[in-house]
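Presented below is the structure to which this report refers.
Derivation of every value follows stated rules applied to the coordinates shown; laboratory data play no part. Quick caveat, the model's predicted, so the values are computed rather than measured. Neighbour counts are summed over all protein chains in view; Cβ atoms, including those assigned to glycine, are modelled from backbone coordinates with ideal geometry.
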Amino acid sequence: MTDRQVPREAAEGSIRLVGTAHISADSVAEVEETIERERPDVVAVELDEGRYRQLKGDLPDDLDAGDLLRGNTVFQFLAYWMLSYVQTRLGERFDIEPGADMRAAVETAEGLGLGVALVDREIQTTIQRFWARMTLLEKLKLVGSLFLGLFGFGSGEEEELDMSELTDADVVTAMMAEFRRFSPGGAEALIDERDAYIAHKLLALRDGGHDVLAVVGAGHREGIERYLANPESLPPMESLVGQQKGRRFSIYKAVGFLIALAFLAFFFLLVMAGTQNDFLLRVFAAWFLFNGAFAFALAKLAGAHWPSATVGGAIAWMTSVNPLLAPGWFAGYVELRYQQVNVADIGQLNEILADEESPIPDLLKRMLDVPLFRLIAVVAATNVGSIIATLLFPLVVLPWLATDIGGVGAIGDLMIEGARNSAELIWGAFT
């Protein structure tokens, strides 16, 4: 572990940084020894209120599962869970509980009667901003690579690290550098913004006249020290908090709106061409049933109860008319009547994934028995079913229906006629 004295810029207080590796037993011992030796006014730790309560065992088991079903929260939670799992596995590999350095700092400070300050940003804010900053390709790479890693599909043998031959800073800095190469936008939210946030909190403590010993991850030490040495370079605090708005242009949303526009234009042009009502009704009924069948079937495969799968299937056709709706949300809300999710589910999932002996089908079955995973699986599977049906409908079902009116070519002719009639109607209205 490395530490260094940050030059004072205010006579009434001081800041000393201690950089740790979150999975290093040496860091735990050094943290305890440094606090006992220095006896600062305040020990600042890289924790927020939620993680502090979890460390103390005070976090309630109940989760607001409704939050998981709004917007991109499901994907944010998946990213948080998978990153948590990776850290847990590292802890098992080095035979130490992840976050033991922060626990040691808190317990030692409280045992000596010293003040404890929580100086990290809320994890929910960090994960939301992390997800919003990533590109679609980075999101797909993250979820895909972590999913493959969880189930043991790595591309090569895992490189063994000899902690005795590397400093804590070397290990963590290398991890940070790798993540920055993988996702510059994500790194900015996870690393750079938190460096600035923590620096703001430490400067406020120092300016309040406190001698502060700050225990932070080694990967954050250099960035925080840079801000402490040059406070004028700090971004405003208000720019580091709150939700990060997503990109104005989203390929996913654009494709959704294009599909909705094509769906509405298809029916509109057929109506304008004077197509028989019974054919339009057959097309709509087939659309409803085809989307519903796929969404229902995949929801059931994910373990949904019959009412949940039925609601998801019944709503599926609407996603093409309104891409801002997703059938998985509705299926998920109904599924909440049968599932009670809680924080303990995350630990249970990590324990299941740590089983390297069981076959993958058995692991998936056991994971679906965990309420939190089943809820997420039902939401995702219902949405995927609707997407598959939407893509297959014009290729599989529509040609079959078109045989009654002369084939696919006849549909094209009707749409051209409908466009011509529409243009004549509009032209007549303005002349």
Task: Assigned charges on the beta-carbon of Lys, Arg, Asp, Glu; segment 192-314 dipole about Cα centre (debye) - done: 580 debye
Open item on the list: What distance in nm lies between label points placed 7 Å from Cα along the C-beta direction at Gln54 and Arg282?
Closed with: 5.6 nm
TODO: Treat each spin label as a single point 7 Å out from the Cα along the C-beta direction, and report the Asp26 to Asp413 distance in nm.
DONE: 8.1 nm
TODO: For Phe267 and Tyr338, calculate 0.36 nm times their separation in residues minus their Cα-Cα distance, and state this gained length in nm to one decimal.
DONE: 21.7 nm
Task: Computed lengthening from Glu122 to Leu364, 0.36 nm per intervening residue step minus Cα-Cα distance - done: 84.0 nm
Task: Alpha-carbon centroids, segment 34-50 and segment 270-306: separation in whole Å - done: 60 Å
Open item on the list: Can you tell me the length gained on complete extension of the stretch Glu36 to Leu325, counting 0.36 nm per residue apart and subtracting the Cα distance?
Closed with: 98.4 nm
